[in-house]
Every structure is written in C-alpha cells, then in structure tokens.
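Below is one structure, written out as structure tokens; the observations come after it.
The values are calculated or read from the model by the stated rules, or taken from the named source; none is laboratory data. No experiment lies behind these values; they were computed from the predicted model shown. Reconstructed Cβ throughout: ideal geometry from the backbone, glycine too, with neighbour counts over all protein chains shown. Side chains included, ligands, DNA and RNA excluded: accessible areas come from the protein's heavy atoms. Shrake-Rupley method; radii C 1.70, N 1.55, O 1.52, S 1.80 Å.
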Amino acid sequence: MQKKRNRAGPPQQEAASDDGEMSDSSDKMEVAQGKGKSAVKRAPDADEVLRPVKLSKSDLYKPPTNDELNRLKETEHLFHTNLLRMQIEELLQEVKLKEKRRKTIDGFLREINTLLGTIPETPQTDLTDQTWLPDSIKVPILQVPYQVKGKFCFLPPSSIKVVGSYLLGTCIKPEINVDLAVTMPQEILQAKDNLNQRYSRKRALYLAHIASHLANNELFSSVKFTYMNSNHLKPVLLLRPYGKDEKLVTVRIHVCPPPGFFKISRLYPNKNNVRTAWYTEQETEGVNEPPTPHYNNTILSDLTLEHHLHHLSNCASDFPGMKDAVALLKVWLHQRQLDKGYGCFNGFLAAMLISYLLSKNKINKVMSGYQVLRNTLQFLATTDLTVNGITMATSTDSSLPSLHDFHEAFQVVFVDPLGVVNLCADMTTNKYHQIQFEARESLKVLDDTSADGFHLLLMVPKPFVRTFDHVFHLTNVSKLQGTCKKMKLLNQLIDQGGDYLATSLPYVLSILSKGLGPRVALLSHTLPHRPEWDIGEEPAKHRDSSLLSVGLLLEAELHTSVLEKGPAADSSQALDFRAFWGEKSELRRFQDGSICEAVVWPGSSLCEKRKVPELIVKYLLELHADIPESCISYTGNVLDCVLTRGKEAGTEEEKMVGIIQSYDDLSRKLWNLTDLPLTVTSVQGTHPCLRYSDVFPPLPVKPDWSSYQLLREKKCLVPNPEKPCPAYVAPVKVICHMEGSGKWPQDKDAIKRVKAAFQIRLAELLRAQHQLLCNPSATHTDVYKDGYVFRVQVAYHREPQYMKEIVTPEGMLKYQDTEESLQLELETLHLPSLTSTLHGLHQQHPAFGGTSRMAKRWIHSQLLGDSFSEECVDLLVAHLFLHPAPYSPPSSPQVGFLRFLHLLATFDWKNSPLIVNLNGELKGPDYTEIQNDFISARAQLPVMFIATPKDKKDSLWTKTQPTAQILQRLIVLCLESLRALEQQLMDPSGSQDYKMTFRPPLDLYDILIRLNPKQIPRHREAVDQPAKSFFRGLLKEGAQVKDLMFPVVGYDPVQCYLQELREAYGEFALFFHDKHGGDVIGVLWKPSGFEPQPFKTTNMTGRVMDGKSAKPLLVPNVEAIVEDFEILGEGLVASVEARTERWSI
C-alpha cells in the first residue's frame, strides 16, 4: 500500500518585519540575524591550529585579579546564576549594531547629507498658497482650519546633524532608526510662528519639498511620511536605502527651528498659542484664552533636540552600563508593546530616565547594564509620576514653570534638564500605571530563583489580548467627537489640534476607572498608532485612526460582584453617586439597617456575573461619553459559548456546586454508617467535577420509564433498542478507605473478596439507614442520590503492597511494581490527593475551573481527547496559575485558555520538565533535583514530562500518552488556533465566528466514519449544537415520580464501538473522536501495520495472502477492514467515507 500523503509541517511564518519606528510591533522580538553566504574555508596552517595552552604551575594557581573577584562577587549577588549573566551578554551582542553595518549606514548618511544641500530654493508665497508643490506630493499634516497667516519659502537647511540613539550607540536591531535633525534657516520663520500651528505647517511644507526632490532618487527604495510617536503635529520623513540594505536602516528626517528662535517663556505650559477664534473660525469677544500645554510642548521638543543629545552624550561617556541598560530596557518595553504609538515609553525616555537616576546618585558609572536595569525597574515600580512628577532641571530660575504647573497641564510629569519640556506629555495615567505594574511584576520574576528570569523578561512577548483578562474595542473612533462635545472639551481639543481621540481618551478612562473601581487591578489601553503613508497620499483623518482597545486586568474575587454600594441616602456624596450612575442608582435597605444608594447588576449564574464588567463599561460609556453599545466590541467572554449545551444559556458552574454539596452529604452519611465491621477512615472524590474542571458536569437525572426496558427484580432500567440512546449518566467516583486491621487477609485475591463483601454491606446499610437506591457489584457500589449517581469504591491502604509481592524460584519474597499495583495506587492514592489539591486551587483562583474546561473542550474538539488524560490537562492549566510569569494569574477563563495554547505550543518538551509546584511544596534544591533526574533519564521518560511535589520522577499522568506524533500534531494545532483566535479577538471587523478554532480539520484523515445522531447520547454537547435532537428519556427537574428506578449509568455506544475498533484493528489504524457530541470518527492508517508479515495463523486477523509475492506473506485486507467498520457499528454508523485520494492499495 502506498501513501499519497504530503506530510507538511507547521506553516513557516514569514518574518517580514517593517523597519519603521511607526510600524506595528511584531509579536516576537527578532533578535537573531540570518547568516550570510557560507565562505569557502581553506585548510588552516599548522601554526594556526588551536592547541591547549600549557600553563606553568605558578600561572595555574595564580590568585584571581581584582576584576575577576568583582565579577564573581557581582554574579553571586546579582544574577542568581552565571547563566543569567551569560544570557544577557549574548542578547546584547545579538541586538547591538555591528561595526560593519555601522560603516554602511555612515556612507548612506553622507549621501543623504549631500543631497539635502542641493535642494533648490522656492519663491516666497502665502502659507495657504501651496500651488508651488508638485501634484504628486501632499502636505503631511492635517490643515484644519485651512486659513492661517504667514509666508513660506524653501531655503537649504542651515545645519544637518545626527541625533538620537544611533549617535549614542543605544539603537538595537531589528529596527535600526537613525534620526537626522534638519534645521530650517531663520529667514523662513517669523516672530509669531509659534501661534496657530504656523510653525507646524511650515515644518510640514519644508518636509514635503524635501520629499519631492528625494522621491525619484535611485539611492532610496522608499520615501514615506509618518508621525513621530503618532503625534499628528510632528510629521517626519522616512528614507530607506535601495538594494540589499533596504531592511537594514530607516533614516528619519526631523525638521526643527534654529536654536533660540522662539522665546521659551511664550511656550510654558500655562501659556496659550492657539487662538479660539482662529480654530473655531468664529468671532469670540472677551474670551479667556485657555492654555495649550500639549501644543507648546510639541514646539519645545523640536527646540531642545540637540540639547537633549548633548545631555545624554555626557551621561553615557565612560558609562558602558548605560548603553547596555538602554538596550535591555528597549527589548523589555518592546516585548510589552509599550514602545510605539502616541504616549509610548520609548528608548529616548528610557535613556533620559537613566540619566535622571545618575544625576540623583541612584546609580553610578561603575554599574553594569543589568544593575542599571534593575534600579530603573525599581524606580518605576515605586515612583508614581502621575502624583509626584520629577524634574532634571538644576536651574534655580524662579520664572521657570514649577512641577505644580506641569501637573495642572499633564497627567504624567517628567521634566527635561532645561526645565521646560515634559517628556511624558502624551502619556495617560493608565498607561503609566501599566508600566509601573509591569516593572513590579518583572522585579518579582528577577527575585524568584526558581524562574528563568532572562527568558520571561526579555524573550517572551506579551501581546495585549493575552495580558488583560477582558478586552474591548471602540470600533468607531469618530464617536469620540460627540464625547468631546458632551464633556465640553473644546479647550483641550484646540490644544490637541483637533485630535479627538487623544483629547477624550484620558477622560473616558477616568470614568471607567471610577465605575469599575475595585473590580479591576489595572485598566489600560493600546497606544493610538498611525502607520506610515506614501508621500503622494493625503495624511489620514482623525476618524481613520486605528482601533482603540482597552484592557481590564480583573480582581479575581471582586469582578463578579453584582452590587455597587454607595453612600448613605442623606450624605452629601449621594448626589454625586446618583449623577454618576444615572437611573441605575436606587435606594436600598441593607441588613445592618442602613439605607444607601446602590446599583445592582443581574447575576443569577456565574456566567452572568462574569459579564458585570461588560455591562458597567457599556452603560457608563453611553451615559457619559455618548458612545452607543453598537460601537463597542467587548470580547471578554465570547468563548463561553463552547461550554454551553443544548438550550441552556449558562456555563453550568452552579451544577458543579450542586454535585459537590450532594457529595459532601454522601461523605457525611458514609462516615456515620453504623454496623460496618470496620470504620471508614477517609472519603475522597476523584471525578473532575469535584475539582470544578469537568467540561460538562453530570446533570441530576430522573429517568422516564417509557423510554427504557424495566428489570423489576433489580429495580433498574436498561436501554430500549427501539428508542434513541438514553442520556449519558456519568458516575461520580468516590474512594472510601477502610481502616487497617489484623482481620484483613494478606493475599491480594482474598482482599478483593473482602472488598466485594464490603461493597454489598455498604449498599445494604445505605438503603436501610438513608433510604438510598444502591446497585452493588464486586468492584464498586453505585448510589443514586439527588439525581446523581455516585460510584463508591472501597479501598484498603495496604492492598497495593500485597500486589507487588513476588516469590522468586529460590523462595525469596520480593516487592516489584506491577501494572495492576501502579494502577491501583493511581486510583486510590494519587488521584484523590490531586483532586483535593486542585479543588483548593480553584478556591484560590476562581478562573481555574473555567480555563481547564475550555482547554479540555478544545483538545476534545480536535479529536485528540483520548491521548490526554483529564489530570494531565488540569496540571497544565494549574501551571498557568501557579507559575504565571511574565503575566499575572488569569482571572478569566478566556485569557487562561489563550495562555494554555501558548504554553503548549512554545514549551520545550524535549529538553525541559514542566514543574507544577502544587501548594508551594517544592523549594530550590527540589527544582535542581527534578531537572538533573530528568536530564539523566530523558530517553526512558515520556515525551511530555510533568513533575509535581508528589510525583518528581515518573510523570504519572503522561506515562503512556501522548505519543511524540500526537504531541507534535497538537503543537501545530495550538500555534494555528492561537494565531487565528488572537487575530479574531483583536479585529472586531473580521469574522465573529469564535467557534472556528473548535472545529477540527478533517482533511488529514484517511477514513471518516459518520455516526447516527440518534445513538450519540451526548449529542447536545457538540460545538455546533444541533437545531433539534432526540428525547433521551429524562424527565424535567421538578417532575413527580412515583417509584424511582436506577438509571442507565455510563452507557455511551460510541465509546463501546471505539473500544471494539481499537481492540480489533489497533495495529492497523489510529481512531480519533470527540466524545462531547462528535458525530465523526477519524481513522488514520499506521504505516507500520502495512508491512508484509510472515505467514502465521496468529497473524491472520485482518490480513490476506499477498498474491504478488513469491514468498508466503500476509498483507492487510483493507476492503474487509473498512467493511468491518460498518458491520461492527450497525445501527450506530451512518456511513463510512474511504478517502482513497489520500491512499491506495
């Protein structure tokens, strides 16, 4: 048999990274550069061959030098391990610019310098007369309003200087940006150009004229415009070289005024430079002109470009640690998507912050890059610049604006060395709080000796959608115009030059922060980002701004609270509370007798309570910001739909609470049974619903007799072949340990008989003392209670020990693990212990259960559920909560699920054990021991190794499954699902079908066995729920029943059929199925099963004689096997689809 199969690996992702500073952050920091063409190597001369150096005895035992001692001491105190130091040094080598590349860039800059000097002058015209510009070039600024006074002509620049990170040596790959400051000659400017955007318009025209002359030059592969840090008043020109160096560098041309041209005191934050009458184009008599701090700051930052460069240059001289720290901080910021966009924390700000710490003696010039990084993160974590701004100015000039003046004008305050520019002018309070939060989390990671701090801090990307528990998008940004009107923000709008997104954002965020209150630990937003554009295109209007996304980091315990308790009805704050909450506010009397204002949200189920933050956001934005619900795409809970079944709306957490209450009651009844020969020592549940992680928890059942056949003598029901398959009733397994006693026999077979007697006695006593329906068997007793079936299994703690006994031929008694003893230990010791631990974990992190259920639902939906045990998935999810770095523990199932996919796809299963530190029992030495044991025994260990405090060496839950091929398949599916799902969640304009990633690709299978829905008991659990299903023989919850009968337990024809298929044809094929309502079984032929076998009677099953072979050989009888699939599944199988285009005989 030949396979016609294209075994394609995971799709290769094209790493086409855009080099401009304004481009979107790539998901991963590309730090490794590709290798060049391999050179032909010549054989080394005899003299060149490296040989070990022979050291004299005195050299060999020479005491270490001061430098070496300092380095050793520093490594010991700072780095936890020598490895961290080496990793950081390696990263710095990777991201820093090589000398060879620097020479290429220098040559490119010299050519640009020559070209800029040859651009012709233009005659003087009015600012509004722009006919001299070619039609193919558009002015890179929004000219609203268009009319403005002033004259303009182009004269060659008075100076061209390189500024910024390239000159300081702090620029890093992959995006090398070189900043050129082009100074306009004084003759172009007039004294009042600081008013009404005149300077900004002249700056834009100057750039447009330069662009028109460089556009067709063969030196450049592209000439484009963009906004510096997405500030629409600061366009810059981007030049990229032609040829193989196109991706190497982007030169950004900044136009700036001559030093000292504008009187700085006119640009203080409390001064006005944009007149209301000019902006509104209406006469305004006797209006107090409002200050325009953001507009003034934009001009000042151009004036001080060179001064800032000199300041940083002085700080960086003799201070190699500063350059390293700036590079590391840039990587750190980039991985957290904080370094690009309007109000970002970029590399320049990082360098300025380090120079501030140097001036305050918080760091010194002998510190290494890592020490400076730590100190900077420590400063950010502990200093709130929204309350206590900082200034680098040392001047005592009283006329300079005070920090208080800056706080009046800006949300975040960090003043430059001249005392006039706020370096954080565009940053919002919420964004700075996110930076603080990230710094605090990063310090925790660095202090944790068991974590790989380097990898988590600098190598793991933190996309917005995976960082925040809930994310919502403002799909129509133009609605913020109405927000500015409603909030009366005209003055702020004039200051921002009409950018209503930047104007209204701080106010909208403050309303949400106030409304969500203690429900959120952090509220932040994506940075408004304006991409680069062609020089022949008009700049994008404000309404064309990219989507605005807001993220909520929820407080695990508080975000589901349905009550917002306000002030007492007669207090002065009651009026404010009513004004803020509008008609939602109402008076309520509380249990302590107080009458207070309150807001109550709907919350009958946990699924509904999870939506409270969404309801608050939508209500407050409509009430205070005039943003209708239709413009908000809230994607915080969209995956809940995969955990609903049938017509029920919720995600059924309450059902699990009901089962646990019933189980607790059964435990008490078992504990208190009288007349048992031995007392019960412990009762422990092992079913996943008892740790809140069952995908679809068992429902309370009341069987309808008419749908079954009745066995009166046993008082139980059996399926009726004429009717649809009855609903699946999952038994909830409970281990009941009996006390040790000398009466227990010491033979494993005798113990089993005694246990069988106990099972019968338990049933009798539960019937007699508690009137419970029981169905005993030799291995367990099924108890029907509150509509649930509990499967009670008696255990004796010494039974596994007797199972291990082996008598050697010499008559010696030996103890040896057998498959039976290990299985019993797993069921009676390890599983109950794990269940109670994970139950506790869910109490601590309420999102654990939902995340685990979603993860299992996804694995089952990909038809791989049989290869991963429930416990294996639970432990993988537990790892996300116990070791969440670089994130905080998830507070919503959806973000937990995204991180689960990322963990599975990116973890190095081949070389590392996944350590899940349950209850924090593992300490530093334990981690080392697990790691060492794993490395030494890797070949014998399972492909997926999960270690816990009680299971350090064996990985009990992954011992037999998954196989390497299945794990590889799952990793490919994880990568693709994560990419598709995150794209969907961050792009509300795309497909809203979130179940897409829960539908399996079936093109991979050789045969598809389609099943009859009538015989699928869990049909309603399917991802795409059927429009109509069959009556499964259950009465509604409140229905009255005269005589209760024992329901049909654990009966799933599909699972029985699968078991038969695997037993009969497991050597020829693999079978895949989704037990939660899947109506197809995927079959993959095993290549090993199609090898011709020698003729033996034991080999005959499923095989025939090979007629083509001279020797008597057996080959699989494929037609008969496919026919058997249908015969074995008669009544269950609807059709068998043999996809022979994928294989041939």
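Some notes on this structure:
- Under 18 Å from the THR681 label point (7 Å along Cα→beta-carbon), backbone N, segment 742-766: 742-748, 751-752, 754-756, 758-759
- Residue-normalised accessible area of segment 931-1025, given per residue in Å² at a 1.4 Å probe: 45 Å²
- Nearest-10 value in Å² for the accessible area of MET1100, using the 1.4 Å probe: 70 Å²
- Solvent-accessible area, 1.4 Å probe, carbon plus sulfur percent, for segment 99-459: 49 percent
- With a simple spin-label model that places each label point 7 Å from the Cα along the Cα-to-Cβ direction, the separation between LYS1028 and VAL144 comes to 5.5 nm.
- Loop-located trypsin sites (Lys or Arg not before Pro) in segment 90-193 whose Cβ has at most 15 other Cβ within 10 Å (DSSP): LYS98, LYS149, LYS192
- You can think of it this way: the chain between THR276 and SER398 has 41.0 nm of extra reach, that is 0.36 nm per residue less the Cα-Cα gap.
- Candidate lysines - alpha carbon under 17 Å from LYS54, same-chain residues fewer than 8 apart omitted: LYS62
- HIS307-GLN93 FRET efficiency (beta carbon distance; Förster radius 45 Å; 0.05 resolution): 0.90
- Those residues of segment 753-780 whose amide nitrogen sits under 14 Å from the label point placed on GLN823, 7 Å along Cα→Cβ: 779
- Computed over the alpha carbons of segment 99-459, Rg followed by Dmax gives 21.4, 69 Å.
- Extension gain (nm, one decimal) between LYS565 and CYS153, 0.36 nm per residue minus Cα-Cα: 141.9 nm
- Carbon-plus-sulfur accessible fraction, segment 994-1138 (probe radius 1.4 Å, protein heavy atoms only): 54%.
- Relative packing of 390-400, 1081-1091, which averages over residues the other C-beta atoms within 10 Å, highest first: 1081-1091, 390-400
- Three-way shape call for segment 312-441 based on the alpha-carbon gyration tensor, with the a/c threshold at 1.5: oblate
- √(5λ) per eigenvalue of the Cα gyration tensor, segment 869-1018, largest first, Å: 31, 21, 15
- Note on segment 83-134 and segment 965-1003: Cα centroid distance 41 Å, given to the nearest whole angstrom.
- The mean of 1/r over all pairs of different alpha-carbon atoms in segment 149-267, once inverted, gives a Kirkwood hydrodynamic radius of 15.4 Å.
- Inter-label distance for THR475 and LYS953, nm, one decimal - labels placed 7 Å from Cα along Cα-to-Cβ: 5.8 nm
- Packing here is the average count of other Cβ atoms within 10 Å per residue, and on that basis the peptides 595-601, 251-257, 454-460, highest first, run 251-257, 454-460, 595-601.
- Taking all protein chains together and a 1.4 Å probe, the residues GLU1126, GLU121 rank GLU121, GLU1126 from largest to smallest accessible area.
- From the C-alpha gyration tensor of segment 994-1138, square roots of 5λ in Å: 39, 19, 11
- To the nearest 10, the accessible area of ASP426 is 40 Å² with a 1.4 Å probe.
- Magnitude of the charge dipole for the chain, about its Cα centre and with charges confined to Cβ atoms of Lys, Arg (+1) and Asp, Glu (-1), is about 800 debye.
- Helix 870-882 and the long axis of the chain differ in direction by around 30°, with both axes built from C-alpha atoms.
- Separation of the alpha carbons by more than 25 angstrom is noted, of LYS202/LYS271; LYS733/LYS856; LYS100/LYS138; LYS149/LYS263; LYS100/LYS247, for LYS100/LYS138.
- Accessible solvent surface per residue of segment 99-459, calculated while the other protein chains remain in place, 1.4 angstrom probe, Å²: 39 Å²
- Computed [θ] at 222 nm, deg cm²/dmol, the chain (DSSP H ≥ 4; -39,500 (n - 2.57); rounded to nearest 500): -11000 deg cm²/dmol
- Of all DSSP-defined beta bridges confined to segment 99-459, some 65% are antiparallel rather than parallel.
- Seen from a random direction on average, the alpha-carbon convex hull of the chain projects onto 63.7 square nanometres.
- Label point at ARG266 placed 7 Å out along Cα→Cβ; residues across segment 133-163 whose backbone nitrogen lies under 16 Å: 149-151
- With a Förster radius of 25 Å applied to the beta-carbon distance between LYS485 and GLN573, the computed FRET efficiency rounds to 0.35.
- Distance from the alpha carbon centroid of segment 487-512 to that of segment 535-572 works out to 14 angstrom.
- Net lengthening on full extension, LEU167/LEU83 (0.36 nm per residue, minus Cα-Cα): 27.1 nm
- Of the chymotrypsin sites (Phe, Trp or Tyr not before Pro) found in segment 541-591, those in coil by DSSP whose Cβ has at most 13 other Cβ atoms within 10 Å are PHE590.
- Note on GLU739 and ILE806: with the Förster distance fixed at 35 Å, the Cβ-Cβ geometry gives a FRET efficiency of about 0.80.
- Label-point separation, GLU1126 to ARG543 (7 Å along Cα→Cβ), nm: 6.2 nm
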